[in-house]
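Please treat every number below as a calculation from the coordinates, not as lab data. Note that this is a predicted model, so its numbers are computed, not measured. Positions of Cβ are backbone-derived with ideal geometry, glycine not excepted, and every protein chain shown enters the neighbour counts.
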Amino acid sequence: MPFETNTRNTLIFLAIFILAFFPSAFHILIAPLSLPFDLLSAPFTPAKRILPICACCPPADCNSSPITTIPNTMSWFQKTLQLPSKSRGSYLITDEITKQLPELKDYKVGILHLFIQHTSCGLSLNENCDPDVRADMSDALDRLAPEDRKGELYRHADEGLDDMPAHIKSVLVGASVTVPISNGRLALGIWQGVHLMEFRSSKHSRQVVATIQGEKSA
């Protein structure tokens, strides 16, 4: 029995020595004993599918259907229109605009922006049937900004009595209008039209910058 006691003591001493100085080796020694318990306590996780290596970015299934790109039909177009010379008054110019812009028919949906490049006239949207409406508009603006025959109202009169009143009327009316486009035509409605409001007594040549933005017909 002394031999067995010495062997046991030696083994205990070696185990304590390994545990104290080589803890990692101790874990390796007892790993076979703890393996069944590790298998029982480990959570179940399904195996991950390993995708093939290919040129897909980001990584994806290379057998997936290709993405179809829809052509971009949005478009910008700009053109400068020359209007007929007119003296003071209100003039319906819808037909003149559409005649000089055949490109309108190319647009399924969009916006037409019209900007007049002058400060003594204006653009507006108004009645397109009764000409009395246009005459009344001119008369009303004359009352709002009359000519200063006595020289008591305005300082600026470099181009005559109608000079400063024309600038005031231009501010009141505005220099631009925006009209929607629907199926190649201006969506103005039944009774609306684009008006040139001319505020100078003598005839003047006027230019309008037309800008179209929208989706062209397929």
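Each principal axis of the Cα cloud of segment 93-134 was taken in turn, and the coordinate range along them, longest first, works out to 34, 27, 16 Å. Taking Cβ atoms as reference points and 13 Å as the exclusive limit, the residues near LEU141 contribute a net charge of -1, counting Lys and Arg as +1 and Asp and Glu as -1. Ordered from longest to shortest, the equivalent ellipsoid semi-axes for segment 71-186 are 34, 15, 11 Å, each the square root of 5 times a Cα gyration tensor eigenvalue.
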